[in-house]
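The values are calculated or read from the model by the stated rules, or taken from the named source; none is laboratory data. Here the structure is a predicted model, which is why all the values come from computation and not from measurement. Don't worry about glycine lacking a Cβ; one is built from the backbone with ideal geometry, like all the others, and counts go over all protein chains shown.
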Amino acid sequence: MLHKQYSGDELVAVMKATLFSPDVLAINVEDILIDSRRFIRAEKCLFFALSGKRNDGQKYVNGLYKKGIRYFVVPNSFSAVSGMEDASFFRVSDTLKALQQLAAYHRSQFDIPVIGITGSNGKTIVKEWLFQLMSPDKKIVRSPKSYNSQIGVPLSVWQMNRQNELAIFEAGISRPNEMEHLQTIIQPTLGIFTNIGEAHSEGFINMAQKVGEKLKLFPRVDTLIYNNDQKELLEVIIRTGILENLNTFTWGRDDNSNLRIVEKRTEETLTKIFADYQAEKIAVTIPFTDAASVENAIHCWAVMLILGYDHKVINRRMAALTPIAMRLEQKEGVNNCTIINDAYNSDYNSLTIALDFMQQQNQHKEKVVILSDILQSGRGEEDLYGNVAGLLKQKGISRIIGIGVAISRHAGLFEIEKDFFPTTRDFLAGFPMASFRNETILLKGARVFEFERINRLLQQKVHETVFEINLSALIENLNFFRSKLKPKTKVMAMVKAFSYGS
């Protein structure tokens, strides 16, 4: 049994719940569920009826009961539906808080190194690269995708099991007083502060407040890693007094850095990074040339040094790093175009990084940027898009295609060739894709704009057989057949091909 299981009494105590159950002693929970569409199996599954601005989990309780789930965390106001007498209901004042309390308790059951990552940019890449670098010799649990929110972090931490030797979780916040909750859940032993920028600044008074709030992830770490060339970050770190209670591992060009970066040498598709470390000259080579990748790689380098990896092993593995999907991913496009896909987030800092990356490729004279509204910048629209317009002109961009209501409002600020559309759907319906020829096209969009739809159209089609498995469809099919069975009937899946009949 890899995943820890929890009894009814244990769950009541952890979540401070009032339990209504026909048989407290029979309760045994191993899985949690917050989204009825992600339902896989009913046995030992606890459903949290979370409420948000657009939805209320309470309305899915009856449907999940019919699919076999018998354990539910619901608000105190929940009215039980007749015919569900054999179900157990944990009534709480706040279902999200209960989810976080259970995840924090689950985390406390494990005594392994836990790396906590926060910052404005690079969290997911650093997490995924650390996984690439250390998974050959460690059993690692990590945040799926970018699960770094008040809901995403508990779901990430819940994955921890007895097999894991290292955990890597990222944490993101958009307003004050959120990080304390995530710190309690993650309880990191090693911290990484990637950088500070304007992403998600909307909920903060100023940059110093945002840095201070993010630092609340690290009050109990053994070591905090950061780049001390970032003076704005360094000033707040010093002012908060956090350095009095923990060790730090700094990197940068400053002479006082633990890992002092001496030189970065770019050679076509590679970057060689030279440094002084513990009175020794060391170096790594990474298969990237853009500034963001270099910064993210050095954070990973610092982690491996702290954990005692041999220099030769570090160099060999860092040389084999691969891109993370939707993060400055470069592909061949239609009509001899080159597509740079950074359709994951959209803020001014990461736009600057993406434009630098675009310039370094230097494959086509014509350069096009397809840019969505920049969300949660904390800046006035005219100031923001005026700076964006100036940046695109400075970087020699030939054309801007703006997608979104806000950027379209400020079309007049852009002095280069331009087209604007209120939505991605409008762009796809009204723009002649065949007009793209011999250009480098940067896709830079916030996730809600679904730029992956644009990427699919622009990317050159390779004529080969593709076998695609839609896991959501498989789950839907399984749930359909299960709906025809009695709740206690078990289902066993068989693998075909060489296991046929086994």
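Each residue in the stretch 25-40 was checked for being touching a strand residue (DSSP E or B) at 6+ places or on another chain (Cβ under 9 Å), without any contact (Cβ under 8 Å) to a residue 60 or more places away in the chain and not in a strand (DSSP E or B), and 4 of them qualify.
Against the numbered list (1) modelled with pLDDT under 95; (2) over 19 Å from the mean Cα position of the chain (by Cα), SER174 comes up short only at (2).
Residues checked against (1) modelled with pLDDT of 95 or more; (2) of a type in the set (Lys, Arg); (3) more than 31 Å from the chain's Cα centre (by Cα); (4) not assigned by TED's automatic domain parsing to the domain that holds VAL369:
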site	(1), (2), (3), (4)
ARG409	yes, yes, no, no
PHE421	yes, no, no, no
PHE449	no, no, no, no
ILE475	no, no, no, yes
LYS488	no, yes, yes, yes
ALA493	no, no, yes, yes
TYR500	no, no, yes, yes
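Which is within 26 Å of the chain's Cα centre (by Cα), in the same structural domain as ILE125 (by TED's automatic domain parsing) and at pLDDT 95 or above, of ILE286, ILE282, ILE261? Criteria check complete, one pass: ILE286.
Those strands (runs of 3 or more DSSP E) of the stretch 314-396 in which 1 or more residues are touching a Phe, Trp or Tyr at 6+ places or on another chain (Cβ under 6 Å) and closer than 20 Å to ILE441 by Cα occupy 366-372.
Cβ-Cβ contacts under 9 Å between residues 6 or more apart (or on different chains), taken from a first residue in the stretch 71-100 that is hydroxyl-bearing (Ser, Thr, Tyr) and surrounded by fewer than 21 Cβ atoms within 10 Å (Cβ to Cβ) to a second residue that is at pLDDT 95 or above and assigned to a strand (DSSP E or B), are listed as SER77/ARG91; SER93/PRO75. Within the stretch 122-147, restricting attention to residues that are outside any helix (DSSP H, G or I) and charged (D, E, K, R), the residue that is farthest from PHE288 (Cα to Cα) is LYS139. The set of residues from the stretch 108-120 being closer than 30 Å to ASP347 by Cβ and either aromatic (Phe, Trp, Tyr) or in contact with a strand residue (DSSP E or B) (Cβ under 8 Å, 6 or more places away or on another chain) (or both) comprises VAL114, ILE115, GLY116, ILE117, THR118, GLY119. Per the listing LEU190, LEU233, the residue uniquely within 25 Å of ARG379 (Cβ to Cβ) and in the same structural domain as ASN256 (by TED's automatic domain parsing) is LEU233.
A search for C-beta distances below 8 Å between a residue of the stretch 277-288 that is without any contact (Cβ under 8 Å) to a residue 24 or more places away in the chain and any residue that is β-branched (Val, Ile, Thr), counting only pairs 6+ apart in sequence or on different chains, returns LYS281/VAL262.
Of the strands (runs of 3 or more DSSP E) contained entirely in the stretch 177-252, those carrying at least 3 residues that are surrounded by fewer than 21 Cβ atoms within 10 Å (Cβ to Cβ) fall at 247-252.
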